[in-house]
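Encoded as structure tokens, the structure appears first; notes follow it.
All of the numbers you see were taken from the coordinates with simple rules; none came from a lab. The shown structure was predicted, so the numbers you read here are calculated from the model rather than taken from an experiment. Cβ coordinates were reconstructed from backbone atoms using ideal geometry, including for glycine residues, and neighbour counts include every protein chain displayed.
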Amino acid sequence: MAFHFRTVTVVVRQYRVFVLLWILFLAWQLLNLIPLPASLIANLRPEKLLPAYANVQLGTSWLPLSFDVGQSQIVFLKSLCYCLLFFSVLALVRSTSRLKLVLITISASGIFQAIYGSLEVLSGVDYSLVFKQPVTHIATGSFIYKNHFANYLLLTLCAALGYLIASLGDDDGLSKRERLRKWLKFWLGNKVLFRIGIIIMVIALVMSRSRMGNTAFFVSMTITAAMGLWYFKPRQKSYIALFVSMLVIDIMIVSSVFGLNEVKERLEQTDLTHESRDEVVTDALPLLTEYPLIGTGGGTFYTVYPQYQSESIQHFYDHAHNEYLQFSIEFGVIGALLMGVFVLFCGINAFKAFQQRHHPLPRGAAFACFMAIIGMAMHTSVDFPLQAPANTAIFITLLALGAMSNRIRVRQSTTRSRKS
């Protein structure tokens, strides 16, 4: 018991900025959940009384500000769980072996999803094996929505590439023969199975036909790989070979066979005049100006948006297809900024690990985090991947690995006197 208390104390002291940000974000959500006198509600948010509380006697009842208290409570509990997950990772992943295990576990879940989603499409079955959902030519795995499936693969690919980087080791001081032996051992050993798993995930990502999912993966991988090439010192030839093989094998050969051209055609044929998601963003902007500070309450977008939806939009939208806007509407600008600063600090720690750490494991964790941030920054601008708990949990875990990548200690026996 004393050991666990000491661990928690150390984590809180080392990561006090993250503790503060999470406390502020959770407290900010409570502003919409704490019951207030109806007379005060009438002054702060009079429209809250009109539709559902017309018979309320002012001054005699207490009401929360949220437009959907039940959904806001659910979102608050989810946020609390994500907070506990973040700090659980910081508290439990205190060694390189556990760091490797986390990256392997995330990668394995992505490989399973990729195999399941790909086989469903390629087998030609009419209904999914488990959930009995109609199967089309688009891979969705165990997800209903293809973009959630694509985003999950994006995040697990971040972890898989981070693990491969963590396994590369250091070529500095090795002879050409030793480098060749090490390179062959890497590709002919167990790592080759892991590499095949990455290829399978890329195939499944392409088969999802997700435009932004594929774009976010390739762009985030290219940017992060270029950063590693610039900052990782000494520059390793095995690192360069890894990403050259990713570009050649995964993109040019494998993806072209399994439908990359179809994704390309979808991107080229994208016409904003036939897309209603941009109109949803336009229609929802007045909500941001009307409730800028504390927002409408977590999970209330589908409740408040129909009042502002234009007649040209015939579909029902329960999400904004833009996480930046939806977070700002539901949590207010301040709540959204708190989460933005949280992600920014995780990215800063990962960037410091890029610059300062020389051991491959912290580098791999930093790579996974930074690539995930770039990919999610792109995908959340046109969709709602963070509304899927599985995706958010993986993203939070990768953020935690990035936050610790500049601090995690490496045993000297594994570094061979390299700087960590």
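The listed peptides 192-199, 388-395, ordered by packing as a protection proxy, come out as 388-395, 192-199 (highest mean of other Cβ atoms within 10 Å first). When the alpha carbon gyration tensor of the stretch 286-401 is reduced to an equivalent ellipsoid, the three semi-axes, largest first, read 33, 15, 10 Å.
Multiplying the residue separation of Arg16 and Phe112 by 0.36 nm and subtracting their alpha-carbon distance yields 30.9 nm. The modelled label-to-label distance between Lys78 and Val192, using points 7 Å beyond Cα along the C-beta direction, is 4.3 nm.
Descending by average beta-carbon neighbour count within 10 Å, the peptides 287-293, 67-73, 126-132 line up as 67-73, 287-293, 126-132, the highest first. Each label was represented as a point 7 Å from its Cα along the Cα-to-Cβ direction; for Tyr127 and Tyr302 these points are 2.4 nm apart.
Once you sort the root eigenvalues of the Cα gyration tensor of the stretch 53-156 as a ≥ b ≥ c, which label holds: rounded (a/c under 1.5), prolate (a/b larger than b/c) or oblate (the other case)? Oblate is the answer for the stretch 53-156, as a/c is 1.5 or above yet b/c matches or exceeds a/b.
On full extension, the segment bounded by Leu85 and Gln355 gains 94.5 nm, given 0.36 nm per residue less the C-alpha separation. Placing R0 at 56 angstrom, the Cβ-Cβ distance between Thr136 and Glu178 gives a FRET efficiency of 0.65 after rounding to 0.05. Over all orientations, the stretch 108-173 has a Cα convex hull whose mean projected area works out to 5.2 square nanometres. For the pair Asn43 and Val248, a Förster radius of 51 Å applied to the C-beta separation gives a FRET efficiency near 0.20, rounded to the nearest 0.05.
Relative protection proxy for 159-168, 219-228, from highest mean packing down: 159-168, 219-228 (other beta-carbon atoms within 10 angstrom).
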